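The values are calculated or read from the model by the stated rules, or taken from the named source; none is laboratory data. All of these numbers come straight from a predicted model, not from anything done at the bench. Here the Cβ is made from the backbone with ideal geometry for all residues, glycine too, and neighbour counts use every protein chain on show. Note: areas computed on protein heavy atoms with side chains; ligands, DNA, RNA excluded. Shrake-Rupley method; radii C 1.70, N 1.55, O 1.52, S 1.80 Å.
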Amino acid sequence: MPIAGQPGNDDRPFGSPMEEHDMQTTRSKEVAEEYLRLGGKRLAKIDDNIVKIRHWEDDTPEAEAFWQKYIEPLDDKRRVEVETHLPTINDR
């Protein structure tokens with residue numbers, strides 16, 4: 001696998017919009033995984049590409065604090081990117 005910015009199968013320059021999107025997606029997944037690791041219970045409801053969160057069970061205090069500090073303040077686009085990495089109500 002080529003290193004970003006070096007020639008190879010993917011010769012986009014470092015910092016290209018596609019690479020930045022990939023990095024953001026990875027970061028969004030990491031944030032969602034940390035929330036879940038801390039005991040987060042929120043579930044995503046995805047219908048016709050509209051993402052909503054369902055919250056029937058209480059989060060652990062650590063997960064709730066993490067949500068309030070790192071996820072809640074995100075702009076809508078970034079928050080949806082995180083939320084799509086949560087388990088869905090269909091996974092129950």
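Quick notes
- Residue satisfying all of: in the range 59-88; outside any strand (DSSP E or B) and of a type in the set (Val, Ile, Thr); surrounded by the fewest Cβ atoms within 10 Å (Cβ to Cβ) among these: 60
- Leading residue by the ranking (modelled with the highest pLDDT) among those in the range 26-58 that are open to solvent by 50 Å² or more (accessible area, probe 1.4 Å) and among the polar types (S, T, N, Q): 26
- Within the range 48-84, being touching a Ser or Thr at 6+ places or on another chain (Cβ under 6 Å) and under 16 Å from residue 37 (Cα atoms) holds for one residue alone: 82.
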